[in-house]
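Heads up, the thing below is written out as structure tokens.
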Amino acid sequence: MYSLSDFDFDLPPERIAQVPLANRSASRLLQLDGERIADRHFSDIVDLLQPGDLLVMNNTRVLKARFFGQKDSGGQVEVLVERVLDPRTVLAQVRASKSPKPGTRIRLADAFEVGVGARAGEFFTLHFPNEGGDVFELIEAHGRLPLPPYIEHDADDFDEQRYQTVYSKEPGAVAAPTAGLHFDQPLLDRLVAQGVHIAYVTLHVGAGTFQPVRMENLAEHQMHSEWYTIPQSTVEAVQAARAAGRDVVAVGTTSLRALESASQSGSLAAGSGDTRLFITPGYAFKTVTRLITNFHLPKSTLMMLVSAFAGYEAIRAAYAHAIASEYRFFSYGDAMLLTTPSRADGANATPN
């Protein structure tokens, strides 16, 4: 039985990537097949996937969800939109010296006012005005791109372009599905040309993805909720890949969580819903056989997920290797290609 401290590790601060590389696909790629580790470049992914393999990508788009504002009492506030509920209503984190009460008015970005509604756990319901566009239009026009808390600069024009995947489409996330940041259009074109298939899911990444687990007993952790949708076309693409004996490769932990959440009945089903799926070692994966992912924070739910996927000891060894080999960590960092141990023992295992 694993506990929180089993997923801790020491990371030198200089290993945290603060800016993206100029070329998306120029990142390094650590390939982990069973216990075998290989150092590669991300563009090698073309050689590591086979015709008929399926890449499943999360096409969420990051909102400019961060606002600074002022309560009608004059107090300063910071707002981070967590989820759009309807064209006029959002759930948001509100940081202020005193929590706002229902009925409070907050002026955001010195541009428009929102009304504070009911509290929803750690979040506040905010009601946007009827003029000036819907929620998405107001956020895009006046908000700021929220970068992860470990990135030490405010978002600039370069971040606004690079902290989105080239295939982002559905607005709603407050954090990027960062494994997808390594793909540029020429690389995607090469993959398709060699017979790799691509399908999409949507999972709107919430700010909870950055929250550390605080309970030593993992069974006591309350997983944050995220909304996802699986199109029927993606279900059919997964079924075709599995029937042909090919790999279903999740691009990022968000794609994996969406697929596995929609497979809890035993088979993948199209549809939408909220997921609180918390994957820890011992979880039996139902859909995904390979995973492209970045390096994750110590004591995070994502460290637990990749340990469940590739094996606890194998991940510990891979992370130690990555730190010693000066890989770049977290959202703007390098990537890994992981294979489930059962699949790594088969035909797709690649020797060093």
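The values are calculated or read from the model by the stated rules, or taken from the named source; none is laboratory data. Given the structure is predicted, the values throughout are model-derived calculations rather than measurements. Cβ placement follows ideal geometry from the backbone for every residue including glycine, while neighbour counts extend to all protein chains displayed.
Yes or no, residue by residue, for (1) in contact with a strand residue (DSSP E or B) (Cβ under 7 Å, 6 or more places away or on another chain); (2) of a type outside the set (D, E, K, R); (3) closer than 21 Å to Ser331 by Cβ:
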| site | (1), (2), (3) |
| --- | --- |
| Met1 | no, yes, no |
| Leu4 | no, yes, no |
| Leu11 | yes, yes, yes |
| Glu35 | no, no, no |
| Ala38 | yes, yes, no |
| Leu48 | yes, yes, no |
| Met57 | yes, yes, yes |
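I want to confirm something. Restricting to the stretch 84-103 and keeping residues that are β-branched (Val, Ile, Thr) and closer than 16 Å to Gly69 by Cβ, which single residue is surrounded by the fewest Cβ atoms within 10 Å (Cβ to Cβ)? Walk me through how you get there before you give the answer.
The first filter runs over the stretch 84-103 and keeps only residues β-branched (Val, Ile, Thr), leaving 84, 89-90, 94.
So of that shortlist, the ones also closer than 16 Å to Gly69 by Cβ come out as 90, 94.
On the way: Val90: 24, Val94: 22.
Once the filter is applied, the top-ranked residue is Val94.
So, Arg36, is that one crowded, with 20+ Cβ neighbours inside 10 Å and among the basic types (Lys, Arg) or not? Full working, then the answer.
Details: crowded, with 20+ Cβ neighbours inside 10 Å: no; among the basic types (Lys, Arg): yes.
When the stated conditions are applied, Arg36 does not pass them.
Mind checking which residues of the stretch 67-83 are surrounded by fewer than 22 Cβ atoms within 10 Å (Cβ to Cβ) and either touching a His at 6+ places or on another chain (Cβ under 9 Å) or under 21 Å from Gly172 (Cβ atoms) (or both)?
Scanning the stretch 67-83 gives Glu78, Leu80.
Select, from Ala26, Ala22, Ala65, the only residue that is among the hydrophobic types (A, V, I, L, M, F, W, C) and out of contact with any helix residue (DSSP H, G or I) (no Cβ under 8 Å at 6 or more places or on another chain). Please lay out each step first, then the result.
Numbers: Ala26 fails: out of contact with any helix residue (DSSP H, G or I) (no Cβ under 8 Å at 6 or more places or on another chain); Ala65 fails: out of contact with any helix residue (DSSP H, G or I) (no Cβ under 8 Å at 6 or more places or on another chain).
Of Ala26, Ala22, Ala65, the one residue that is among the hydrophobic types (A, V, I, L, M, F, W, C) and out of contact with any helix residue (DSSP H, G or I) (no Cβ under 8 Å at 6 or more places or on another chain) is Ala22.
Could you list, in sequence order, all residues of the stretch 154-204 that are under 20 Å from Leu138 (Cα atoms) and in contact with a Pro (Cβ under 6 Å, 6 or more places away or on another chain)?
Listed by number, the list holds a single entry, Val174.
Take Ala109 and decide whether it is touching a helix residue (DSSP H, G or I) at 6+ places or on another chain (Cβ under 9 Å), small (Gly, Ala, Ser) and in the same structural domain as Trp227 (by TED's automatic domain parsing).
Working: touching a helix residue (DSSP H, G or I) at 6+ places or on another chain (Cβ under 9 Å): yes; small (Gly, Ala, Ser): yes; in the same structural domain as Trp227 (by TED's automatic domain parsing): no.
Criteria not met by Ala109.
Which numbered condition in (1) in contact with an Asp or Glu (Cβ under 6 Å, 6 or more places away or on another chain); (2) under 25 Å from His41 (Cα atoms) is the only one that His197 fails?
With (1) in contact with an Asp or Glu (Cβ under 6 Å, 6 or more places away or on another chain); (2) under 25 Å from His41 (Cα atoms) applied to His197, the lone miss is (1).
In the list Glu226, Glu216, Glu220, which residue meets the criterion of being acidic (Asp, Glu) and within 20 Å of the chain's Cα centre (by Cα)? Quick ask: steps written out before the conclusion?
Numbers: Glu216 fails: within 20 Å of the chain's Cα centre (by Cα); Glu220 fails: within 20 Å of the chain's Cα centre (by Cα).
None of the others qualify; the one that does is Glu226.
Under 8 Å by Cβ, and 6 or more places apart or on different chains, what pairs join a residue from the stretch 123-142 that is more than 25 Å from Ala96 (Cβ to Cβ) with one that is of a type in the set (A, V, I, L, M)?
Gly133/Ala141
Only one residue in Val90, Val77 is at pLDDT 95 or above, in a strand (DSSP E or B) and in contact with a Gly (Cβ under 9 Å, 6 or more places away or on another chain). Which one?
Selected residue: Val77, the only one of Val90, Val77 that is at pLDDT 95 or above, in a strand (DSSP E or B) and in contact with a Gly (Cβ under 9 Å, 6 or more places away or on another chain).
Quick check: is even one residue across the stretch 19-31 closer than 15 Å to Ser331 by Cα, in a loop (DSSP other than H, G, I, E, B), without any contact (Cβ under 8 Å) to a residue 40 or more places away in the chain and of a type in the set (Gly, Ala, Ser)?
Yes - at least one qualifying residue is present in the stretch 19-31.
Could you give every pair whose Cβ atoms fall below 7 Å, whose first residue belongs to the stretch 214-230 and is under 28 Å from Leu85 (Cα atoms), and whose second residue is among the aromatic types (Phe, Trp, Tyr), counting only separations of at least 6 or pairs across chains?
Close Cβ pairs (under 7 Å, with a partner that is among the aromatic types (Phe, Trp, Tyr)) amount to His221/Phe278; Met223/Phe278.
Out of (1) outside any helix (DSSP H, G or I); (2) in contact with a strand residue (DSSP E or B) (Cβ under 8 Å, 6 or more places away or on another chain); (3) in the same structural domain as Thr275 (by TED's automatic domain parsing); (4) free of Cβ contacts under 8 Å to residues at least 60 places away in the same chain, the odd one out for Gln70 is which?
Every condition holds for Gln70 apart from (3).
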